[in-house]
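Novice: Sharing a structure, written as structure tokens. Questions coming.
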Amino acid sequence: MLSAAFPPMSAALAGELSSGEIRSELVGRSISWWEQGGWFSGQMMLLPDGRAEISIDAPKRAGDSGRWMVRGDQLCTVWGDFRSGQEKCYSLQRGAAGRFETSGGNVFEVREAGV
């Protein structure tokens, strides 16, 4: 189900965030996400201790927890159930005010400071 929301993409985007920028911009913040031009959307939280929580709000409600890490300048996630527990990594590019575009075709929008 989530593989459609987070498909892999090998081509790197120009102007990618560095590993430090990924950590400072996304960790401990409430993130709304949606698939560019698609049906999937939800919420995500990357906790400072490496745990991650995600919800899919549309088209059908679901949720999962897992872990996140930064490898090179890519954000990687592993979910307990989504994507059959397979790790996926994405580069991020800064977009408009508080938004980030992933190499996987999603938009992240930071909503508020968190943990």
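Rule-based calculations on the coordinates, nothing more; no lab input. Computed from a predicted structure; not experimentally measured.
Novice: Under the 0.36 nm per residue contour assumption, what length would be gained going from the current alpha-carbon distance of E109 and M69 to full extension?
Specialist: Length gained between E109 and M69: 12.5 nm.
Novice: Shape of region 46-108 from its Cα gyration tensor (a ≥ b ≥ c, root eigenvalues): rounded if a/c is under 1.5, otherwise prolate when a/b > b/c, or oblate?
Specialist: It is oblate, given that a/c is not under 1.5 and a/b is not larger than b/c.
Novice: Need the full-extension length gain, Q43 to S30, defined as separation in residues times 0.36 nm minus the C-alpha distance. One decimal, nm.
Specialist: Stretched fully, the Q43-S30 segment lengthens by 4.0 nm.
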